[in-house]
Amino acid sequence: MALNPGDFEYISKIVRGQSAIVLEKGKEYLVEARLTPLVASENLGSIAELAQQMRKDISGKLIAKVVEAMTTNETSFFRDIHPFEVLKNTVIPELIQKRESQKRLNIWCGASSSGQEPYTLAMLIRENFPQLKNWKLDFMASDISTEMQKRCQDGIYSQLEINRGLPAMLMVKYFQRSGAQWQIKPELRQMINFKILNLSGHWPLMPKMDLVMMRNVLIYFDVPTKKVILQKIRENMQPDGYVFLGAAETTLNLDVKYERMNFKQSGCYRIKEG
Amino acid sequence: MRALVIDDSRAIRLILGQVMKKLGFEVVDAGDGQQALDKLKSDGPFDIALVDWNMPVMNGYDFVVNARKDPQYNDMRLMMVTTETEMAQVVKALEAGANEYVMKPFTKEMIAEKLSLLGLSIE
Ligand SMILES: C[S@@+](CC[C@H](N)C(=O)[O-])C[C@H]1O[C@@H](n2cnc3c(N)ncnc32)[C@H](O)[C@@H]1O
């Protein structure tokens, strides 16, 4: 499906304005590939027609669908594995020790996609830190996409998704069959509060986080947006809390107030002291 | 590292063998559970066996049970790679001593991720 330069420019401007996702020249193929299914499901004839409808979209519903179609939701259970080893062996034990007197932990996954990352963390906690059952655990997971938030809440995964990165032991323990699919058990779903939150928009009032997962989302933003988000994460964190970024992400040249922890390939950061 | 690929389908042995080679393994294959037990003796040791469930002569489940009876194979990881997708089957395989479980159809990515869960990734 052909895409003319004017429409590409218009669509990238709207997507960037709504979500901070940057679509540079050369990404025309991506816009075409992602929006062609939407053109069909909206009964439109072409991307040009879609762009035309977007210009008239007062309710913002169509634009929200376009933004959703343009986000990359790629994820898996225990993605990259190392961060979760660091969480299990070092970060969570340390946080538990430090918060022993309050018995309270605040956790936030800021780009939860279809839920594999927050559920990985929930399983890791249940498996390794049973004492947290008696703590006040405030576990929030958010994404810009309404569809992804719903997928998180349902916790239903296809065979293909369940096969990716999830230890079989945990599958039999924390999932139940739901027809041809697999659903996370209610006990785990109830651990997490799933919200819609646009990282490039207004952030609601949040408790000061002990642990922030912000993986594989900053890469889609331009430098000023990355800087603002990294700063806002700091402002919403406990001074001794931890942030995890994706394997291809860094705070380097973006925010000098973070320091990278010396854990192998984990993308783990904390706020510098002083 | 060395892998034993066990499947009665020649095509699957070929594809799975290629995946494992790409992931850095030396590969030996077998067409059923009995052949696989023989290869453990003649061609071992292996770091991992990838095991189909439904095969003639001896099925993959019985292979797992038999392999786990012999302490010299304690360190070998066993990963089922099968079309059996019932929860009860997965539980049964794990209880018999399988370490991981992949439901067919598989991709190279899937196999790689499961291997890294077993501490067998080559970096
Ligand atoms: C590649 S996924 C990352 C999922 C998971 N964190 C991981 O590492 O596997 C990126 C997610 O970021 C979300 N996203 C994109 N722009 C966003 C924004 N402005 N605010 C919040 N989430 C956003 C997308 O909807 C998508 O689900």
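The values are calculated or read from the model by the stated rules, or taken from the named source; none is laboratory data. Everything numeric in this text was worked out from a predicted model, so none of it was measured. We place every Cβ from the backbone using ideal geometry, glycine too, and count neighbours over all the protein chains shown. Keep in mind that these areas ignore ligands, DNA and RNA; they rest on the heavy atoms of the full protein, side chains included. Shrake-Rupley method; radii C 1.70, N 1.55, O 1.52, S 1.80 Å.
Details
- Flag if A:I156 is open to solvent by 20 Å² or more (accessible area, probe 1.4 Å) and more than 23 Å from A:P186 (Cβ to Cβ): no
- Residue check, B:E84 outside any helix (DSSP H, G or I), free of Cβ contacts under 8 Å to residues at least 40 places away in the same chain and among the charged types (D, E, K, R): yes
- Where A:N89 falls short, out of the listed (1) among the polar types (S, T, N, Q); (2) surrounded by 17 or more Cβ atoms within 10 Å (Cβ to Cβ); (3) more than 16 Å from the ligand (Cβ to nearest atom): (2)
- Residue pairs meeting the criteria (Cβ under 7 Å; at least 6 apart or on separate chains; first within 8 Å of chain B (Cβ to nearest Cβ), in region A:157-172; second surrounded by fewer than 18 Cβ atoms within 10 Å (Cβ to Cβ) and modelled with pLDDT of 95 or more): A:V172/B:V91
- Filtered residue count, region A:133-153, keeping only those that are out of contact with any Pro (no Cβ under 9 Å at 6 or more places or on another chain) and surrounded by fewer than 17 Cβ atoms within 10 Å (Cβ to Cβ): 8
- Elements of type strands (runs of 3 or more DSSP E) contained in region A:151-238, each with 3 or more residues being closer than 27 Å to B:G97 by Cβ and within 14 Å of the ligand (Cβ to nearest atom): none
- Within region B:87-97, the presence of a residue that is in contact with a strand residue (DSSP E or B) (Cβ under 6 Å, 6 or more places away or on another chain) and more than 9 Å from chain A (Cβ to nearest Cβ) is excluded.
- Test: residue in region B:66-77 that is surrounded by 18 or more Cβ atoms within 10 Å (Cβ to Cβ) and within 14 Å of chain A (Cβ to nearest Cβ): yes
- Among the residues of region A:59-77, those identified as open to solvent by less than 30 Å² (accessible area, probe 1.4 Å) and either within 15 Å of the chain's Cα centre (by Cα) or within 11 Å of the ligand (Cβ to nearest atom) (or both) are A:V67, A:A69, A:M70, A:T71, A:T75, A:S76, A:F77.
- Filter pass, A:A51 being surrounded by 17 or more Cβ atoms within 10 Å (Cβ to Cβ) and over 24 Å from the mean Cα position of the chain (by Cα): yes
- Among the residues of region B:15-44, those that are under 24 Å from B:E113 (Cβ atoms) and part of a strand (DSSP E or B) comprise B:E26, B:V27, B:V28, B:D29.
- Given (1) open to solvent by 50 Å² or more (accessible area, probe 1.4 Å); (2) touching a Ser or Thr at 6+ places or on another chain (Cβ under 9 Å); (3) of a type in the set (V, I, T), number of the condition B:V51 does not satisfy: (1)
- Residues that are within 16 Å of the ligand (Cβ to nearest atom), in contact (Cβ under 8 Å) with a residue 60 or more places away in the chain and part of a helix (DSSP H, G or I) do not occur anywhere in region A:23-42.
- Test: residue in region A:78-94 that is free of Cβ contacts under 8 Å to residues at least 60 places away in the same chain, assigned by TED's automatic domain parsing to the domain that holds A:M169 and hydroxyl-bearing (S, T, Y): no
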